[in-house]
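Taking it in order: structure first as structure tokens, then the write-up.
The values are calculated or read from the model by the stated rules, or taken from the named source; none is laboratory data. Here the structure is a predicted model, which means the values were calculated and not measured. Here the Cβ positions follow ideal geometry from the backbone for every residue, glycine too, while neighbour counts run over all protein chains shown.
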Amino acid sequence: MLAQQEIPLGNPLRGIGPLGNPADTGIAEFNKFVSTAIGLMTIIAIIWFVFKFIGGAIGIISSGGDKAALESARKNITTGIVGLVVVIAALFILDLIGNLIGIPNILNLVDLFQQIQQ
């Protein structure tokens, strides 16, 4: 008759999140998504820069005096550098705009939405 006896479980898990913790709010989940997307795009931009830079360096080495190949390789390196600078500058400009309009942590969407709701 053990199946009919009540067995105390102690402190049962609550919520639907990991390990029974309460789930995050929708804003927190959206913040995680945007933060992950920005980080992923930044990593992709850095990897793209590395490939453009290495490709340009190999192009310069293997140009063999051909001016067209040398110019193409230089353009590859320049394109990579400009792309990386644009990505990094965009993050700094967004932070600067946030500070100028009074939202110092504009990339943290949870704080941004809380300030908007007030």
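The helices (runs of 4 or more DSSP H) found entirely in the range 20-118 that carry 3 or more residues being surrounded by 12 or more Cβ atoms within 10 Å (Cβ to Cβ), over 24 Å from the mean Cα position of the chain (by Cα) and hydrophobic (A, V, I, L, M, F, W, C) are 26-61, 67-100. Taken across the range 28-41, residues that are in contact with a helix residue (DSSP H, G or I) (Cβ under 6 Å, 6 or more places away or on another chain) and modelled with pLDDT of 90 or more do not occur at all.
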